[in-house]
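Student: This is the structure I have questions about; it appears just below.
Each reported figure results from applying straightforward, stated rules to the coordinates on display, with no laboratory input. Keep in mind the model is a prediction, meaning the values are calculated, not measured. Because the Cβ atoms are built from the backbone with ideal geometry, glycine has one as well, and the counts that use them run over all protein chains shown.
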Amino acid sequence: MAIFIDSGDIKEIEKFAKMGIVRGVTTNPSLLLKDGVTGGMNGIKKRMVAIAKVIHPYPLSVEVTSNEKDEMLLQAKQFSQWADNIAVKITIHGPHGELDNLEVIHLLEKKHDIRVNVTAMMNAQQCFLAALAGATYVSLFAGRVNDMGYNSVEEIKKTRKLLDDFGLKAKIIAASTREVLNIVEWLHAGAHIVTVLPKLLGGMIVHPYSKLTVQQFLADAKT
Ligand code: G3P
């Protein structure tokens, strides 16, 4: 799987999808706000349906906009009707540590056959429980882990070992990229996927010495 794009910007997603290097897209309410999605749930639906089509059959993660149990279940069922490649993002717990979410995640995966991406996680123990609940994806916010002074690489390694030791199907998405070096570093640590900001994908491709080399080839070709 390797590389997802962490964005709601359809032009950026299209650009990189055409290169064949994208295996999925993740979004969240903050990214959608930043990327100009307006118009409430209709606006979200319009953008999500468009992105799902661009990257099909690769998965698009769409986050619920409520932390109320029935509303999470309802939105998850609605989102999964928008396209057959949509996974629903649910946070590991509520804004004040409410514990309803794992039950919702378990119901969605096991009873409703909806793929769930459990999000906003900061350590291996959260990811382990989300995986036990049946999550398809466990999103570890590795950049935020580093922001807090902890070592994201160690958390990714611990998470991967737990998933492998206990035969859990969940795939680790290392998220909240900050620097180009995060991508390969987190994949090497054991993340199945890194979800990358579009500007960092550009940074992975372009190298100053490659630029000079290409310029030299073109100049010599002209001569
Ligand atoms: O995929 C999660 C990501 O968008 C969060 O990133 O930069 O807000 O920590 P950030």
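Student: Mind scanning Lys18/Lys69; Lys53/Lys158; Lys45/Lys199 and naming the pairs with a C-alpha gap bigger than 29 Å?
Tutor: Working: Lys18/Lys69 38 Å; Lys53/Lys158 35 Å; Lys45/Lys199 25 Å.
Among Lys18/Lys69; Lys53/Lys158; Lys45/Lys199, the Cα-Cα distance tops 29 Å for Lys18/Lys69; Lys53/Lys158.
Student: State, as an integer percentage, the relative contact order of the stretch 60-140 based on alpha-carbon contacts under 8 Å between residues 6 or more apart.
Tutor: Numbers: 135 pairs, mean separation 21.5, N = 81.
Reported relative contact order: 27 percent.
Student: Sticking with this one: For helix 69-82, report the angle its Cα long axis makes with the longest principal axis of the Cα atoms of the chain; keep it between 0 and 90° and round to the nearest 10°.
Tutor: For 69-82 against the chain, the angle is about 50 degrees.
Student: Between Leu132 and Ala219, how many nm apart are label points set 7 Å from Cα along the C-beta direction?
Tutor: 6.3 nm
Student: Hey, could you get me the Stokes-Einstein D for the chain, Kirkwood radius over alpha-carbon pairs, 37 °C and 0.692 mPa s, rounded to whole µm² s⁻¹?
Tutor: On the way: Rh = 18.1 Å.
Estimated via Stokes-Einstein, D reaches 181 µm²/s.
Student: If each of Leu99 and Lys69 carries a label point 7 Å out from its Cα toward its Cβ, how far apart are those two points in nm?
Tutor: So the label points at Leu99 and Lys69 sit 1.2 nm apart.
Student: Using Cα springs under 10 Å in a Gaussian network model of the chain, which residue among Leu74, Leu187, Leu201 shows the largest mean-square fluctuation?
Tutor: Leu74
Student: Could you work out how much longer the chain between Val184 and Arg23 gets when fully extended? Use 0.36 nm per residue separation minus the Cα distance between them, nm to one decimal.
Tutor: Details: separation 161, 0.36 × 161 = 57.96 nm, distance 1.55 nm.
Stretched fully, the Val184-Arg23 segment lengthens by 56.4 nm.
Student: Follow-up question, since we're still on this one. Quick check: the distance between the Cα centres of the stretch 12-38 and the stretch 68-128, to the nearest angstrom?
Tutor: 20 Å
Student: Most fluctuating residue of Val54, Val88, Val194 in a GNM of the chain with Cα springs under 10 Å: which is it?
Tutor: Highest fluctuation of the listed residues: Val54.
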